[in-house]
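*Asks:* My structure is below; once you've seen it, I'll send some questions.
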Amino acid sequence: MDVRGSGHGLAVHEGHSAQEEAAYYQTIEEWFVSRRGDPLFLSNADWLLIRKWRLCGLPLRVVLRGIADALEGHAHSWGRKRKVGSLAYCAAEVEAARERWQRALSFDPEAESGVAAALGAFAEALEQATGLGPRSAAAAREAALGLRRLSAGAETSWPLGPLTARLGRAEQRVLEGLRADADPAELAAIDAAIEADLAPYGSRMPARVLDQIRRDARARQLLARHGLPRLSLFHL
C-alpha cells in the first residue's frame, strides 16, 4: 500500500486542506437533507454530532451508509408520515455501520490491505519524508520504528480504538517536531490560507466545528509539505 500514491485512500493531498476537511461536514449535511426529502438547516447539535463522528475517525462512507439505513428504515416504518427533524435520529444506524466497518478491517499481517499493511506503509512514509529538520527527523524515526514493531507483531490485533489513539500520539509528536523546525512565516502562511478557505463556512458552523477543521487542516498541510499522510486508519 503506497500512502503517497493517487490510487489509494491514504494519498497525501496538498492545496485547499481546509476545504477538504470541511467537505466531510458539508457532504454529510447534503446527504442527510437530500435523503430526508426537503430542505432542513442543521442545528448546532447536528454539527457537533458530525464533529464527534469525525473525531472518532469514522470514514465518510460509513456515516453516509448509516444515515441512508436510518432514513430507509424510517420510510418503511409506522411513523413514516412524521418528518425526521434531527440528524440524531440516524445516530444508532451510524453506530451499527461503524461496528460493521470495524469488523471488516483486516488485521491479518499477510494481507495486502488492512491494518497491518497500513502501519507498514505509514512507517515507510515516515522513513522517506523529505525536508525534515532535526526535531521532526528524530520524531519521524521514532514513530516509524514504533509502527514497524506494531505491523510485525501481535499488537496489530489491538481493538481499533486503542490503535487509533496510538497512531494519534505518534502523529502529534511528528507534528510538534515539524512546528518546532518550521519557519514562523511558513506557519503564518498556512494559517492565513486556512482562514481564507473557511470564510464561507463561518456563519454556518459552530465555533467548535470550525476549530476542529482548522486543527485538521494545519496537520494535513504540515505533513503534506514533507510527503507525509495523516497517521490515521480513517480511510481504510
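*Asks:* Which of the following residues is under 20 Å from the mean Cα position of the chain (by Cα) and open to solvent by 40 Å² or more (accessible area, probe 1.4 Å): ARG141, ARG148, ARG169?
*Replies:* ARG169
*Asks:* Here is a list: ALA196, ALA188, ALA217. Which entry is closer than 21 Å to ALA165 by Cα and of a type in the set (Gly, Ala, Ser)?
*Replies:* Testing whether each residue is closer than 21 Å to ALA165 by Cα and of a type in the set (Gly, Ala, Ser) leaves just ALA217.
*Asks:* Any idea which residue in the stretch 216-236 is surrounded by the most Cβ atoms within 10 Å (Cβ to Cβ), counting only those that are among the small types (Gly, Ala, Ser) and assigned to a helix (DSSP H, G or I)?
*Replies:* Top of the filtered list is ALA217.
*Asks:* Can you name the condition, by its number, that PRO162 falls short on among (1) at pLDDT below 80; (2) within 20 Å of the chain's Cα centre (by Cα); (3) not polar (S, T, N, Q)?
*Replies:* (1)
*Asks:* When you go through ILE190, ILE213 one by one, which is the residue that is under 22 Å from LEU42 (Cα atoms) and either open to solvent by 40 Å² or more (accessible area, probe 1.4 Å) or in contact (Cβ under 8 Å) with a residue 12 or more places away in the chain (or both)?
*Replies:* After ruling out the rest, the residue left standing is ILE213.
*Asks:* Considering the stretch 32-61 alone, what residues qualify as being over 14 Å from the mean Cα position of the chain (by Cα) and modelled with pLDDT of 90 or more?
*Replies:* Selection gives ASN44, ALA45, ASP46, TRP47, LEU48, LEU49.
*Asks:* Also: Conditions: (1) open to solvent by less than 70 Å² (accessible area, probe 1.4 Å); (2) among the hydroxyl-bearing types (Ser, Thr, Tyr); (3) out of contact with any helix residue (DSSP H, G or I) (no Cβ under 7 Å at 6 or more places or on another chain). SER203 meets all but one. Number of the miss?
*Replies:* Only one criterion is unmet by SER203, namely (1).
The values are calculated or read from the model by the stated rules, or taken from the named source; none is laboratory data. A quick note: this is a predicted structure, and the numbers were derived from the prediction, not measured. Reconstructed Cβ throughout: ideal geometry from the backbone, glycine too, with neighbour counts over all protein chains shown. The area values use the complete protein model at the heavy-atom level, side chains included, leaving out ligands, DNA and RNA. Shrake-Rupley method; radii C 1.70, N 1.55, O 1.52, S 1.80 Å.
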